[in-house]
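Asker: Can you keep this structure in mind? I'll have questions shortly.
The values are calculated or read from the model by the stated rules, or taken from the named source; none is laboratory data. All of these numbers come straight from a predicted model, not from anything done at the bench. Here the Cβ positions follow ideal geometry from the backbone for every residue, glycine too, while neighbour counts run over all protein chains shown. Surface accessibility is based on the protein's heavy atoms, side chains included, excluding ligands, DNA and RNA. Shrake-Rupley method; radii C 1.70, N 1.55, O 1.52, S 1.80 Å.
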Amino acid sequence: IVDILMFILILLEFSRGYLEPIFHEIFGIGLLILLIIHLILNKNYIKNILKGKYNTKRYIMLIINLSFFITFFL
């Protein structure tokens, strides 16, 4: 449910030109709260990033996840 709500809020954030500024701010705050909840729920993934062997699939998933993380703050 958290991921679906995050996806919907990201789409709403991208429609900034059609929204009043206050709604853009509210949706952004909601997205940030959901991101924090998402990271808390997936804390085991974050803890285990440096553990285990890396194959091609794991490298690709790490690059994708890091890209999402970096672009969220730009």
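Asker: How many residues does region 7-28 contain that are open to solvent by 100 Å² or more (accessible area, probe 1.4 Å), at pLDDT 90 or above and under 19 Å from Phe68 (Cβ atoms)?
Answerer: Final tally of qualifying residues: 1.
Asker: Which residues, taken from region 47-66, are exposed (fewer than 11 other Cβ atoms within 10 Å of the Cβ) and closer than 22 Å to Ile1 by Cα?
Answerer: The answer is Ile64, and nothing else.
Asker: Can you pull out the residues in region 31-40 that are touching a helix residue (DSSP H, G or I) at 6+ places or on another chain (Cβ under 7 Å) and open to solvent by 90 Å² or more (accessible area, probe 1.4 Å)?
Answerer: Once the filter is applied, which keeps residues that are touching a helix residue (DSSP H, G or I) at 6+ places or on another chain (Cβ under 7 Å) and open to solvent by 90 Å² or more (accessible area, probe 1.4 Å), region 31-40 yields nothing.
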